[in-house]
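Have a look at the structure below before the remarks.
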Amino acid sequence: MIFTPFRLVLAAIGGILGVVTLVVVLAVLAAFVGSPGECDSGDREVVVSSALAQSLQDKLDTFDEQLDAGQAASFTFDESEATSRGIEFLEEHDAPIDDLKVCFNSDGPSASGKVSAVAGLDLDVKASGDVDLSGAHPRVDDLDIDVGKVPGFVTGGLEGLIKDVINDQLDHIDIEHRLTITFGEGTATLSGQP
């Protein structure tokens, strides 16, 4: 068989399409089969309970009452309280996120969980980012996401989607005061001015 230039071009295009298809199939399998693991809570155990969720909600209510009364206020909460209240919040708003775990470290917050994706399949996701409390609603910026066992260079397209899911849920929270948040190992401190 003699290879004409046209046949060589077709063979090259076929080869490239074959490799691209294989890479896409492997990336999709890695996303849905693998896991990036949970967020890093160090040696700290993160416990989930409705009592811990209520504890954080009570602290938030007292904090808000103090700010509404014109007083500066702050309070500290831990990963277990944040995870427990976060799970209840996601359930209340029918969010497509399960198995939430929130971690606090001195470099900031991170979280892990399962995000419901296409056709009822779940993606294991681990995310970290900066929390912005300067607007009408909290926002997550500079998001760093690991999805399944997908290599980082492939997750770039998914970061926008995950960031949108997170920020859509945060749109349910109104910020009425000037707030700041600082993070330590296992704890976060929320401070506010009226």
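All of the numbers you see were taken from the coordinates with simple rules; none came from a lab. In this text the structure is predicted, and so the values were computed from the model without any measurement. Glycine also receives a Cβ, built like all others from the backbone with ideal geometry; neighbour counts cover every protein chain displayed.
Please arrange 100, 133 by how many other C-beta atoms lie within 10 Å of their C-beta, fewest to most.
On the way: 100 23, 133 17.
In increasing order of surrounding Cβ atoms, one gets 133, 100.
Under the 0.36 nm per residue contour assumption, what length would be gained going from the current alpha-carbon distance of residue 72 and residue 180 to full extension?
On the way: separation 108, 0.36 × 108 = 38.88 nm, distance 1.17 nm.
Full extension of this stretch gives 37.7 nm more.
Quick one: which residues, 5+ away or cross-chain, put their amide H under 5 Å from the amide H of residue 122? H built at 1.01 Å from N.
117
Considering amide H positions built from the backbone, and no H for Pro or chain starts, which residues 5 or more places from residue 49, or on another chain, come under 5 Å of its amide H?
Sorted by chain and number, the residues that satisfy this are 84.
For residue 132 and residue 43, FRET efficiency with R0 = 25 Å and r from the beta-carbon atoms, rounded to 0.05? Mind showing how you got there, number by number?
On the way: r = 30 Å, r/R0 = 1.19.
The pair residue 43/residue 132 has a calculated efficiency of 0.25.
Quick one: which residues, 5+ away or cross-chain, put their amide H under 5 Å from the amide H of residue 73? H built at 1.01 Å from N.
192
From the phi angles alone, apply the Karplus equation (6.51, -1.76, 1.60; θ = phi - 60°) to the range 48-63 and give each ³J(HN,Hα) in whole Hz, x where the residue is Gly or Pro.
10, 7, 5, 5, 5, 4, 5, 4, 5, 4, 4, 5, 5, 5, 5, 4
Determine, at each q value in 0.08, 0.11, 0.15 (inverse angstroms), the log₁₀ of I(q)/I(0) that the Debye formula gives when each Cα of the range 35-193 is one equal point scatterer.
-0.23, -0.44, -0.82
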